[in-house]
Amino acid sequence: MSKRERSAQIQQAAEQLLPGGVDSPVRAFRAVGGEPRIVAYGRGSRLWDVDGNEYVDYVGSWGPLILGHAHPSVVEIIQRAAERGTSYGATTELEVELARLVCGMVPSVERVRFVNSGTEATMSAVRLARAFTGRDKIVKFEGCYHGHADGLLAKAGSGVATLGLPDSAGVPASFTAETIVLPYNDTAAVDAAFDAHGGAIAAVIVEPVAANMGLVPPQPGYLQHLRAATQRAGALLIFDEVITGFRLAPGGAQMYYGVLPDVTCMGKVIGGGLPVGAYGGRADVMAMVAPSGPVYQAGTLSGNPLAMAAGIVTLRILANDGVYRGLDLMGHALAEGLREAAREAECEGVTVAQLGSMVTVFFASETPRDYATARRADAERYGRFFNAMLDAGVWLPPSQFEVMFVSLAHQQRDFEQTLASARDAFAAAR
Ligand SMILES: *Cc1c(COP(=O)(O)O)cnc(C)c1O
């Protein structure tokens with residue numbers, strides 16, 4: 001049993017000061033029934049808590065840390081940027097450089113606007129689509145999470161699923177009245193929605209690879225179908241690539257699957273571990289954004305120089321040959337190893353989903369294809385697996401409905417420790 005005194009003390013203090021003791025709900029470990037550990041520092045693939053326990057980290061700050069913790073080049077450029085001032089409220093060359101990288105790497109993006117979070121990116125993209133089309137309705141999919149803007153908090157996956165809340169309190173029904181929610185991976189449902197509301201639909205927003213109900217990849221042809229249906233109806237297709245952007249391929253899921261959206265939302269990896277989001281797309285659509293057009297969207301700290309610097313270094317490293325092949329090989333080997341560990345532990349009803357460096361261990365007998373099938377997974381068994389892994393020094397996402405992220409910093413010895421621990425943890429979750 002690992003030491004936990006300092007963590008427990010700090011957590012107790014946190015609960016007196018922060019709602020639920022955290023600044024983002026899933027961090028509270030409620031879905032897995034454990035006590036949160038308070039982090040002291042991270043390096044490479046590893047995290048240390050305030051009691052000195054060491055962990056192999058598969059959360060990676062929920063996706064951003066594709067280079068691992070405290071990558072020397074990222075740390076160095078942040079330090080150098082900080083010495084020149086931390087924010088100016090005026091344009092810097094760093095923004096232009098990161099924009100050049102983004103437009104060069106992401107196939108459909110000709111112009112990009114930087115914001116401070118994925119939530120801001122999706123909220124702004126929806127506003128933009130409504131302005132561009134002059135229509136009000138948007139289509140989203142059950143179990144896809146697009147940040148916590150009011151209109152998008154309907155059947156929104158992980159954080160919400162984890163807490164078992166149908167929706168958020170405080171969101172007026174009128175704010176989600178223009179949001180049509182459909183099952184993921186269901187082309188007939190999309191056709192029916194366009195038949196019924198075609199002329200009123202401004203946009204379809206989708207996670208091209210769903211990663212907020214656990215990992216649920218698109219069925220073959222699904223994204224192509226969304227592209228064709230939106231095009232026919234004069235609606236925009238918005239890919240929320242906040243997770244998949246720079247994670248699945250240099251140009252995200254749109255490059256991986258060869259389907260180009262009109263607008264792309266980015267976040268997580270793009271900031272190299274600092275708070276950055278972005279939305280971008282076709283030049284004629286982006287021309288609607290103020291001050292070149294009438295869609296208002298602004299940010300005091302947007303394009304922050306430290307965050308831009310961290311993003312630039314991260315994307316430059318990711319643009320190197322072979323990076324994504326290496327990530328995919330690691331993800332594949334990890335998934336295979338986990339399947340084998342479950343078999344060896346005679347732990348039935350486990351299926352492991354993997355795509356590139358994203359992996360989810362589902363305690364379900366069938367691989368989920370949408371939110372309804374993902375929800376059949378047994379969160380109680382996942383909780384037992386999670387806690388056994390944590391005690392063995394492997395930090396998994398504290399929810400059945402999240403994704404493990406492999407980074408470029410993960411090493412053979414990390415995987416060996418993970419798989420050795422997994423055999424016992426699967427036995428504990430039988
Ligand atoms: C994390 C996430 C968001 C929200 O990003 P924040 O930076 O947490 O606001 C939006 N969309 C997807 C797909 C995400 O995974």
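The values are calculated or read from the model by the stated rules, or taken from the named source; none is laboratory data. This is a predicted model, so every value here is computed, not measured. When we count neighbours, we look across all protein chains shown, and the Cβ atoms used for this are built from the backbone with ideal geometry, even at glycine. With ligands, DNA and RNA removed, areas are computed over all heavy atoms of the protein, side chains included. Shrake-Rupley method; radii C 1.70, N 1.55, O 1.52, S 1.80 Å.
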The residue that is farthest from the ligand (Cβ to nearest atom), considering only those in region 204-259 that are among the polar types (S, T, N, Q) and open to solvent by 30 Å² or more (accessible area, probe 1.4 Å), is Gln231
Quick one: Glu83 ticks every box in (1) open to solvent by 50 Å² or more (accessible area, probe 1.4 Å); (2) at positive phi bar one, so which box is it? (2)
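Each row is one residue, and each column tells you yes or no for (1) within 23 Å of Gln219 (Cα to Cα); (2) surrounded by 21 or more Cβ atoms within 10 Å (Cβ to Cβ).
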{"residue": "Arg343", "(1), (2)": "no, no"}
{"residue": "Glu346", "(1), (2)": "no, no"}
{"residue": "Pro368", "(1), (2)": "yes, yes"}
{"residue": "Thr373", "(1), (2)": "yes, no"}
{"residue": "Leu419", "(1), (2)": "no, no"}
Reported set for region 154-179 where residues are at pLDDT 90 or above and open to solvent by less than 30 Å² (accessible area, probe 1.4 Å) is Thr179
Pairs please, first residue from region 256-274 and farther than 19 Å from Gln231 by Cα, second anywhere and among the basic types (Lys, Arg) and within 15 Å of the ligand (Cβ to nearest atom), Cβ atoms under 8 Å, 6+ apart in sequence or on different chains. Lys268/Arg247; Val269/Arg247
Does Met404 satisfy the condition of being open to solvent by less than 30 Å² (accessible area, probe 1.4 Å), among the aliphatic types (A, V, I, L, M) and under 22 Å from the mean Cα position of the chain (by Cα)? yes
Any idea which of (1) under 19 Å from the mean Cα position of the chain (by Cα); (2) over 30 Å from Ala82 (Cβ atoms) is the one Gly267 doesn't satisfy? (2)
Tell me which of these His148 doesn't satisfy, since it passes every other one: (1) open to solvent by 20 Å² or more (accessible area, probe 1.4 Å); (2) under 13 Å from Tyr279 (Cβ atoms); (3) within 9 Å of the ligand (Cβ to nearest atom). (2)
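Among the listed residues Glu54, Glu83, identify the single one that is outside the structural domain of Pro25 (by TED's automatic domain parsing) and at pLDDT 95 or above.
Glu83 is the lone residue from the list that is outside the structural domain of Pro25 (by TED's automatic domain parsing) and at pLDDT 95 or above.
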Of all residues in region 260-295, which are open to solvent by 60 Å² or more (accessible area, probe 1.4 Å) and either outside the structural domain of Arg127 (by TED's automatic domain parsing) or more than 16 Å from the ligand (Cβ to nearest atom) (or both)? Leu260, Arg282, Asp284, Pro291, Ser292, Pro294
Being surrounded by fewer than 19 Cβ atoms within 10 Å (Cβ to Cβ) and under 23 Å from the mean Cα position of the chain (by Cα), is that true of even one residue in region 300-309? yes
Go through (1) within 24 Å of His71 (Cα to Cα); (2) in contact with a Ser or Thr (Cβ under 7 Å, 6 or more places away or on another chain); (3) buried (at least 18 other Cβ atoms within 10 Å of the Cβ) for Ser399 and report which single condition fails. (1)
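Residues are listed down the side, and each one gets a yes or a no for (1) modelled with pLDDT of 95 or more; (2) within 16 Å of the ligand (Cβ to nearest atom); (3) open to solvent by 40 Å² or more (accessible area, probe 1.4 Å):
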| site | (1), (2), (3) |
| --- | --- |
| Ile66 | yes, yes, no |
| Pro72 | yes, no, yes |
| Asn116 | yes, yes, yes |
| Ala125 | yes, yes, no |
| Gly134 | yes, no, yes |
Being under 16 Å from Gly271 (Cα atoms) and in contact with a helix residue (DSSP H, G or I) (Cβ under 6 Å, 6 or more places away or on another chain) is true for just one of Glu97, Glu110. Which residue is that? Glu97
